[in-house]
1. Being of a type outside the set (S, T, Y) and either at pLDDT 95 or above or surrounded by 14 or more Cβ atoms within 10 Å (Cβ to Cβ) (or both) narrows it down to one residue among A80, A33; which is it?
2. When A100 is evaluated against the numbered criteria (1) surrounded by fewer than 17 Cβ atoms within 10 Å (Cβ to Cβ); (2) touching a residue at least 40 places away in the same chain (Cβ under 8 Å), which criterion, by number, is the only one it fails?
3. Condition check: outside the structural domain of L71 (by TED's automatic domain parsing), among the charged types (D, E, K, R) and more than 16 Å from the ligand (Cβ to nearest atom). Does R143 satisfy that?
4. Would region 116-124 turn up any residue that is outside the structural domain of E18 (by TED's automatic domain parsing), free of Cβ contacts under 8 Å to residues at least 40 places away in the same chain, within 21 Å of Y164 (Cβ to Cβ) and away from the ligand (no atom under 11 Å from the Cβ)?
5. Look through region 72-129, keep the residues that are over 20 Å from the mean Cα position of the chain (by Cα) and among the acidic types (D, E), and return whichever of them is nearest to P148 (Cα to Cα).
6. Could you list, in sequence order, all residues of region 119-133 that are of a type outside the set (D, E, K, R) and in contact with a helix residue (DSSP H, G or I) (Cβ under 9 Å, 6 or more places away or on another chain)?
7. Can you name the helices (runs of 4 or more DSSP H) wholly within region 1-86 that have at least 1 residues being within 9 Å of the ligand (Cβ to nearest atom) and out of contact with any strand residue (DSSP E or B) (no Cβ under 8 Å at 6 or more places or on another chain)?
Amino acid sequence: MITVFGEGRGFRVVWLLEEMGLPYRLRDVDLLAGVENDAEFLAINPAGFIPAIRDGDVTMVESIAIMEYLLARHGPSALAPNAQDPTFPAYQQFLHLGEAGLSASVYFVSGARNIAPESERDNWSARQAMRVFTSRLGLVTRRLEHAPYMAGEAFTAADISVGYALEMARKNIGFALGDAEQAYLARLRERGGYRRALAVCEATRTWWTS
Ligand SMILES: N[C@@H](CCC(=O)N[C@@H](CS)C(=O)NCC(=O)O)C(=O)O
């Protein structure tokens, strides 16, 4: 049985597991309460960030790496095109852009705006993270002019990566998504896997629907 530690980007992992139909359990990790007293979690990830997984004797962190691992070890799955497939380059690019370009940038903008002292809220790094987010989002917008999903005509794990980042931008920094991104998110939210994941991820559901 696969154990997913923590929501946050762990929503991506739970969503993928639902799409793949794999059994798992979600183990809550309360970052706000502080992980220093959560010895079980710190034994899994001594660096104290979420998500992490335990699968047999495998322990991993990093949501995109975890998704690649699950798709490779528990696949094959249509959610990850084969390397020889024409859609593979776009798939691979957007799978990573969803975290490295989008979510990571939103995370630092959100931290600056909501947690940093007043004098740091609009500092150079926060503005740069916002610039990085909007330039990378431009690639998503261009992609949606030509295809309904990041890899092309079919939903893949790249949409889990990018879709989560767009939800995060909408909710964490109040980013006004364009019509194409909103229509894309609406398509993703209709998926059974998304709905089941949201039903399991209570903190995410409460945050996104508040
Ligand atoms: N690139 C990582 C980012 C992980 C991350 O920053 N997680 C946040 C919550 S979603 C966290 O645990 N922050 C607390 C910390 O970094 O100490 C991933 O995709 O898993």
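1. On inspection, the qualifying residue turns out to be A80.
2. So A100 meets the others, but not (2).
3. In short, yes.
4. If we filter region 116-124 for residues that are outside the structural domain of E18 (by TED's automatic domain parsing), which is where we start, we get 116-124.
Subsequent filtering for residues that are free of Cβ contacts under 8 Å to residues at least 40 places away in the same chain retains 116-124.
Next cut, within 21 Å of Y164 (Cβ to Cβ) only: none.
No, region 116-124 contains no residue that is outside the structural domain of E18 (by TED's automatic domain parsing), free of Cβ contacts under 8 Å to residues at least 40 places away in the same chain, within 21 Å of Y164 (Cβ to Cβ) and away from the ligand (no atom under 11 Å from the Cβ).
5. D85
6. Within region 119-133, N123, S125, A126, Q128, A129, M130, V132, F133 qualify.
7. Qualifying helices (runs of 4 or more DSSP H): 10-20, 63-74.
The values are calculated or read from the model by the stated rules, or taken from the named source; none is laboratory data. Source: prediction; values computed, not measured. Note that we place each Cβ from the backbone using ideal geometry, even for glycine, and neighbour counts take in every protein chain shown.
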